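Have a look at the structure below, then the notes.
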Amino acid sequence: MEAKLSDKKQLLLGDEAIAQGAIDAGASGFYAYPGTPSTEILEYVQRSRVAQEKGIHSQWSANEKTAVEAGLGMSYAGKRTMACMKHVGLNVAADSFVNSGITGANGGYIIVSADDPSMHSSQNEQDSRFYGKFAFMPVLEPSSQQEAYDMCFYGFDFSEKYKIPVLMRITTRLAHSRSGVELKDPREPNSITLPEDARQFVLLPAISRRRYKKLLETQSKFIEESNNSPYNKYIEAGDKKRGIIACGLGYNYVMENYPDGCPHPILKICQYPLPDKLIKRMAEECEEILVVEEGMPLVEEQLRGFMNAPLTIRGRLDGTLSRDGELNPNMVRVALGMDSMMGDNVPDLVKSRPPAFCVGCGHIDFFKALNEAVKDKHGDGHVFSDIGCYTLAAQPPFESINSCVDMGASITMAKGAADAGLFPSIAVIGDSTFTHSGITGLLDCAIESTNIVVCILDNSTTAMTGGQNSHASGRVRDICLGLGINPEHIRECVPLPKNHEELVKIINEEVAYEGVSVVVPTRECVQTIGKKPKKQ
Amino acid sequence: MKKDIILAGVGGQGILSIATIIGHVAVKKNLHLKQAEVHGMSQRGGDVQSHLRISDKPIFSDLVPHGGADIILSVEPMESLRYLPWLKKEGWVITNTSPYINITNYPEMDVILGELKKRKNHIAIPAEDLAAEAGTKRAMNIVMLGAAAQFLGIDFAELEDGIRAVFGRKGDKIVDVNLKALRAGRDFTDKATA
Ligand SMILES: Cc1ncc(C[n+]2csc(CCOP(=O)(O)OP(=O)(O)O)c2C)c(N)n1
């Protein structure tokens, strides 16, 4: 259900505003791998009729690295493109991301990384702005859905002006919050134009050194752009006992607490590198500075340095704000020196309600069999798992798995443990995670005939993130054969209660086999079956 | 005019349809709106909430501040209590009374209702039954919307128009059932607060 206001004003999630912004700003392609809270960007493009009519690329990529590289290729060809991922996806893409700062861009290139402070749906709360700084790339951090939309135009223009990819950093709260967004007139996509320098993208040391120097030299221009950016604002006010630097959504939480206007000067920062002149101005005018930033204390650390700063700096590092977790209006209120507005406590009777397997999910039947074959027989501690719905098997009543680190780590950790002598050593990985990052690990095992059992749970979808297409669908067996797995030890089965005994038997047999075994429990996700369009 | 509302429930119960209708009306009236949703992991049967803010002035924060909500509107009784830290002292807790039990330590119903009754401003409504009477249990959310209607600062007729606009594509029958459900919720609250 969507509420459409008019053709020119729409009610959009932050993610949707970015998608619409990039479409309107002339993007020719989007590349992404699903991950909360970034998934809805590409999903929106896939639903967009305009995007279809214009032939804008919107298929999912195998993982974030392939996405960022494909985006770089489209930029090389002179077209505007956007790559999207969740924050940990940027780790996967880090090699291509950091190097794309050195190759630079040709067609406008925006890379969106969606952070998840407070870890609503993630393994960590890393702050992507550090990646921007690390790669010497400009970073845009919208504070509203409207800014997110507008920044797509701005970001592509910036990227083409300086021939540099631009990182857009958002957080869960903006990604998944809806608000009215005014649309601009759409701009035509670029036509194919190769880079002026045909060797720009060849990172041989001699070329890299030259390009890296150029990137460093351009930093001062980026800083000057930040000083003059429409998204960085110095807002004058009378009470200079304190100045406030508020980044991205942090700005909203400050303003929420001053309905009649803020009495202190505010520096709103939504574009990096940091605007040095604006910061120096605040340092000269104010007695202390409070830094309100979502995520890690990137700005605060830069202000403090190691030496004593000439003025007091408050923020996440001195305890004025919590060192970790997502900001909210009340936290910022207390940091501003006002009384907490907290309502009544949550009564003790309210119990936590962790996410759980859906009724009828095939993963349930698989883990029941796995527990009987492994945990009951060999004890706890043998199952390396991965990221997906099946990670819920860490909780009671299953308590089946012993690891979940990053996508693909199940197979490789099981390998390392098997190499160390652990027996049995079992990996459990979903189909989408397998094609994201599992294939290479399984190749390592195949080459060495490592004694492990790899269970690839094929539910024909990327379930945890809402049911996106999986690259593995219908291909798991062929991929394993191609990697050199013995066909007799690729065991497909259907995880259903009635097949319990058979499943246990298969796992037992493959545990007993010395070498690489692959067990493929195959049954479609109950959510995606339910969503399939009914035949008319 | 400014209303801060916390919508509460369990992943899969579909609290967002309530937000969609209020959002539709708010935007038609040219009000400002921000609505933060939960996507991702919690949608698998975990606790979910949506912060819905409408105002005639620009809104800064996507989140309702603690102690700032005018209404907690919950489609599940235990979940209605999870968000008390966000509720204003004189704010309303409006909750459906049918429990969604997917945990082993779910509290007794009388304990939940007892806690609810400690609050001066509360409405506990058997929304599933009322929805069934209106035509389908699935309209439970709309009964809840109706129950909250008089606190939203939106005319009832505008909410009815919102239902027509949002469900219109699904046909007259669905629209009628939902309008009935909306009115049933309103009538319940009218009696409870009379
Ligand atoms: C690097 C990285 N990218 C994306 C994600 C988000 N993510 C978590 S689980 C998941 C889907 C897993 O799908 P699959 O392996 O098929 O398992 P299923 O949920 O279907 O059981 C994704 C994309 C992540 N955690 N890390």
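The values are calculated or read from the model by the stated rules, or taken from the named source; none is laboratory data. In this text, all values refer to a predicted model and were calculated from it rather than measured experimentally. We place every Cβ from the backbone using ideal geometry, glycine too, and count neighbours over all the protein chains shown. Surface areas here come from the heavy atoms of the whole protein model, side chains and all, with no ligands, DNA or RNA. Shrake-Rupley method; radii C 1.70, N 1.55, O 1.52, S 1.80 Å.
Tabulated data
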read-out	value
Globularity ratio of the range A:362-530, using Cα Rg and 2.2 N^0.38 Å	0.91
Under the Karplus curve 6.51 cos²θ - 1.76 cosθ + 1.60, θ = phi - 60°, whole-Hz ³J(HN,Hα) for the range B:5-19, x wherever Gly or Pro sits	10, 9, 9, 10, x, 10, x, x, 7, x, 5, 6, 5, 5, 4
Most to least accessible of A:Trp60, B:Trp86 (protein chains only, probe 1.4 Å)	B:Trp86, A:Trp60
Computed over chain A: relative contact order in percent, which uses C-alpha pairs under 8 Å that are six or more apart	11 percent
Contour minus Cα-Cα distance for A:Glu501 and A:Asp376 (0.36 nm per residue)	43.5 nm
Hz values of 3J(HN,Hα) by residue in the range A:43-58 - Karplus curve (6.51, -1.76, 1.60), Gly and Pro given as x	4, 5, 5, 5, 7, 6, 5, 4, 4, 5, 4, 7, x, 6, 5, 8
Mean projection area, nm², convex hull over Cα of the range A:193-319	10.8 nm²
Peptides ranked, highest mean first, by Cβ atoms within 10 Å: ranges A:45-56, B:43-54, A:168-179, A:198-209	A:168-179, B:43-54, A:45-56, A:198-209
Residue-normalised accessible area of the protein assembly as shown, expressed per residue, 1.4 Å probe, Å²	40 Å²
Long-range amide H partners of A:Ser177 with built H, under 5 Å	A:Gly14, A:Asp15, B:Glu37
Listed residues A:Glu217, A:Glu256, B:Glu79 arranged by accessible area, highest first, probe 1.4 Å	A:Glu217, A:Glu256, B:Glu79
Sites A:Asn228 and A:Met119 - FRET efficiency at Förster radius 30 Å, r taken between beta-carbons, to 0.05	0.25
Burial ranking of peptide ranges B:16-28, A:316-328 (average Cβ count within 10 Å, highest at the top)	B:16-28, A:316-328
Two-decimal log10 I(q)/I(0) for chain A, as the Debye equation yields it once each C-alpha is a single scatterer, q = 0.05, 0.08, 0.10, 0.13 Å⁻¹	-0.23, -0.59, -0.90, -1.27
Spacing of the two label points (7 Å from each Cα toward its C-beta) at B:Lys170 and A:Thr312, in nm	5.6 nm
Amide proton proximity set for B:Val10, modelled H, under 5 Å, gap of 5+	B:Val48
Buried solvent-accessible surface, both chains (B, A), 1.4 Å probe, Å² to nearest 100	4300 Å²
Volume in Å³ per residue [convex hull over Cα atoms, computed for the range B:64-194]	121 Å³
Mean separation of Cα contacts under 8 Å, 6 or more apart, over the residue count of chain B: relative contact order %	20 percent
Total charge dipole magnitude, chain A, about the Cα centre, Cβ charges on Lys, Arg, Asp, Glu only, Debye to nearest 20	1160 debye
Karplus (6.51, -1.76, 1.60) ³J(HN,Hα), θ = phi - 60°, over the range B:57-67, in Hz, Gly and Pro reported as x	10, x, 10, 8, 6, 6, 9, 5, x, 4, x
Estimated FRET transfer efficiency when R0 is 22 angstrom, pair B:Lys117-B:Phe156 (beta carbons, to 0.05)	0.20
B:Glu158, A:Glu16, ranked by accessible area, largest first (probe 1.4 Å)	B:Glu158, A:Glu16
Low-density loop positions, chymotrypsin sites (Phe, Trp or Tyr not before Pro), the range A:202-309 - DSSP coil, at most 15 other Cβ in 10 Å	A:Phe306
Interchain or long-range residues, amide H under 5 Å from A:Tyr33's placed H	A:Ser61, A:Cys84
In Å², nearest 10: area of A:Lys65 left accessible to a 1.4 Å probe	80 Å²
Within 10 Å of each Cβ in B:102-110, the average number of Cβ atoms from other chains	3
Inter-part distance where the range A:411-480 and the range A:371-394 are each reduced to a Cα centre, Å	14 Å
Centre separation in Å (Cα based) which lies between the range B:118-170 and the range A:226-273	40 Å
Mean ellipticity per residue at 222 nm, deg cm²/dmol - from DSSP H runs of n ≥ 4 across the protein assembly as shown, formula -39500 (n - 2.57)	-11000 deg cm²/dmol
Shielding score for B:111-120, defined as the mean number of other chain Cβ atoms within 10 Å	2
Label-point separation, A:Ser352 to B:Lys191 (7 Å along Cα→Cβ), nm	4.1 nm
In Å², nearest 10: area of A:Thr522 left accessible to a 1.4 Å probe	50 Å²
Exposure of A:Lys161 as accessible area (Å², to 10), given a probe of 1.4 Å and all protein chains	130 Å²
Exercise: per-residue mean of other protein chain Cβ atoms within 10 Å, A:168-176	3
Relative packing of A:114-126, A:414-426, which averages over residues the other C-beta atoms within 10 Å, highest first	A:114-126, A:414-426
Cβ-based charge dipole, the range A:2-226, positive-most Cα from A:Ser121, A:Val202, A:Thr103	A:Val202
Residue among A:Leu496, A:Phe423, A:Thr433 farthest towards the positive dipole end of the range A:362-530, charges placed on Cβ	A:Leu496
